[in-house]
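The values are calculated or read from the model by the stated rules, or taken from the named source; none is laboratory data. Given the structure is predicted, the values throughout are model-derived calculations rather than measurements. All Cβ positions, glycine included, derive from the backbone under ideal geometry; neighbour counts span all protein chains shown.
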Amino acid sequence: MTRTPEEVFAHHGQALGAEDLEDILADYAEDAILVLNKEVFRGKDGAREVFTRLLGDVPQAQWELDTTFADDVLYLEWNATGGGRTIQGAVDTFIFADGQIRVQTIAYTVRPV
């Protein structure tokens with residue numbers, strides 16, 4: 001049975017919190033599209049680049065998430081603090097298909113704490 005968007009995102013959040021890059025990538029479609037701060041990344045290799053960057057920006061982060069689901073779409077506002085840096089007021093949008101993340105847009109700015 002295909003996972004719901006809520007189930008996919010719950011797993012995604014657990015994998016991100018554990019900083020388990022391979023587990024994070026498991027949630028992405030082979031042909032996923034990620035747009036990070038106007039830069040386009042494609043597929044699992046692109047997702048690997050995006051999350052390697054994010055985990056490096058705020059290692060061992062404490063996350064605050066505010067989610068709004070609408071069918072196969074998730075609007076996410078989030079904050080993260082870790083490694084002496086913070087991200088405040090970040091926004092992501094996810095589009096899910098067939099139990100995976102198909103599209104994700106991400107906008108964030110890293111600042112010192």
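Here are a few things to note about the model shown:
- D92 at pLDDT 95 or above, among the acidic types (D, E) and crowded, with 18+ Cβ neighbours inside 10 Å: yes
- Segment 30-43, residues that are closer than 13 Å to Q100 by Cβ, under 13 Å from the mean Cα position of the chain (by Cα) and surrounded by fewer than 18 Cβ atoms within 10 Å (Cβ to Cβ): none
- Filtered by the rule that a residue be within 15 Å of T4 (Cα to Cα) and in a loop (DSSP other than H, G, I, E, B), segment 71-113 gives D71, D72, D98, G99.
- Filter result for I24 (under 15 Å from E7 (Cα atoms), free of Cβ contacts under 8 Å to residues at least 60 places away in the same chain and surrounded by 17 or more Cβ atoms within 10 Å (Cβ to Cβ)): yes
- Of residues in segment 48-70 being among the polar types (S, T, N, Q) and outside any loop (DSSP other than H, G, I, E, B), the one surrounded by the most Cβ atoms within 10 Å (Cβ to Cβ): T67
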